[in-house]
Every structure is written in C-alpha cells, then in structure tokens.
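One structure is given below, encoded as structure tokens.
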C-alpha cells in the first residue's frame, strides 16, 4: 500500500478511497457501520465528531489518515500527522502495550475495548476509552494496515496517573 497522504479536500473528494477502505473494513469486521449510510462518506468521515486514524501495514506503521477530530486531539496538522510513525502516538513506556494491542488486532481482526494513554504533539496526555481498532482489508483480501476510532477520551495531568 502506498497511500496518498494529501489532506482531504473537495479536490481529492476528501480521500474517498481511504474513507471507503476504512468504513468498509469496519463494517465487514465489526458487523456495523462506522457512519450511517449516505452520500459524502469521505466528507462526513473527515468531519466526524469522533477520532478516526489509520496507519499503513509497514514494519514501523505510519499514519496515512487522521480526521479533523484526530488532528485537534493530537495537536498536529495533517501534513505532520500523516508522516508520523504511529508508535509515537504513545508514550515510550506505553509502546510495548500498544504493540500487544496491534498484535491482538492482527490476529483477531478487530477489538472494540481498547483503553490506554496517548500523547499529543505538545506533550498533553489523555486516556482513550472504548476505542475500536480494526484491520484494513483491501479488495483482494490483504491486510494493508489498521484503523482506530474513538469518541471517549479524558485529559490527564502532566504527571497524572496512567
């Protein structure tokens, strides 16, 4: 997979291909829609009130999609976030736990009960709860990455509990 990392806009139809992959994989693996059916899926995904992120399937996965809610939460512009190895979304001590989560998703296809601490570009920590993480499966049935969606997070104090 060599994803287009241009920011979603009307010019590129809000990355309709990425949005379709993310939404179709979610529906297929979790048995429910990520967003209600309707027109302009890609636009609605990019502007959704919940966080949606996706990374590629490389050995050190790199984000290739981050909707506006994700950009705000992680305090990063699109151009920076979609070039970030996804392991950097977790604090160094939480990276082993993050890898266990990704391994579980790879073997099961999805999880819908993830909770953990993440960190923004400015160092703000937040606890994610009830996150869904699923494999991205292309038309040929190959796993080409993973995506996550969540609407529940809680800011943590800089030295607060994990």
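What follows draws every value from the coordinates through simple rules; no lab data is involved. From a predicted model like this one, the values you see are computed outputs, not experimental measurements. Cβ coordinates were reconstructed from backbone atoms using ideal geometry, including for glycine residues, and neighbour counts include every protein chain displayed.
To keep it simple, each residue is scored yes or no on (1) outside any helix (DSSP H, G or I); (2) surrounded by fewer than 20 Cβ atoms within 10 Å (Cβ to Cβ); (3) in contact with a strand residue (DSSP E or B) (Cβ under 9 Å, 6 or more places away or on another chain).
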position	(1), (2), (3)
49	yes, yes, no
59	yes, yes, no
63	yes, no, yes
70	no, no, yes
76	yes, no, yes
83	yes, yes, yes
88	no, yes, yes
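If I filter the stretch 110-127 down to residues being in contact (Cβ under 8 Å) with a residue 40 or more places away in the chain and part of a strand (DSSP E or B), which single residue comes out as surrounded by the most Cβ atoms within 10 Å (Cβ to Cβ)? Among residues in the stretch 110-127 that are in contact (Cβ under 8 Å) with a residue 40 or more places away in the chain and part of a strand (DSSP E or B), the one surrounded by the most Cβ atoms within 10 Å (Cβ to Cβ) is 118.
Scanning the stretch 2-41 for residues that are touching a helix residue (DSSP H, G or I) at 6+ places or on another chain (Cβ under 8 Å), assigned to a helix (DSSP H, G or I) and surrounded by 15 or more Cβ atoms within 10 Å (Cβ to Cβ) turns up 16, 18, 19, 22, 23, 41. Taking the conditions (1) out of contact with any helix residue (DSSP H, G or I) (no Cβ under 9 Å at 6 or more places or on another chain); (2) within 18 Å of residue 153 (Cα to Cα); (3) surrounded by fewer than 16 Cβ atoms within 10 Å (Cβ to Cβ) in turn, residue 107 satisfies each one other than (2).
Taking the stretch 20-47 as the range and being touching a residue at least 40 places away in the same chain (Cβ under 8 Å) and under 14 Å from the mean Cα position of the chain (by Cα) as the test, the residues that pass are 21, 22, 25, 26, 34.
Inspection of the stretch 132-151 identifies no residue that is exposed (fewer than 12 other Cβ atoms within 10 Å of the Cβ), in contact with a strand residue (DSSP E or B) (Cβ under 9 Å, 6 or more places away or on another chain) and either part of a loop (DSSP other than H, G, I, E, B) or free of Cβ contacts under 8 Å to residues at least 40 places away in the same chain (or both). For the stretch 90-103, the set of residues classified as surrounded by fewer than 15 Cβ atoms within 10 Å (Cβ to Cβ) and either closer than 16 Å to residue 144 by Cα or within 13 Å of the chain's Cα centre (by Cα) (or both) consists of 103 only.
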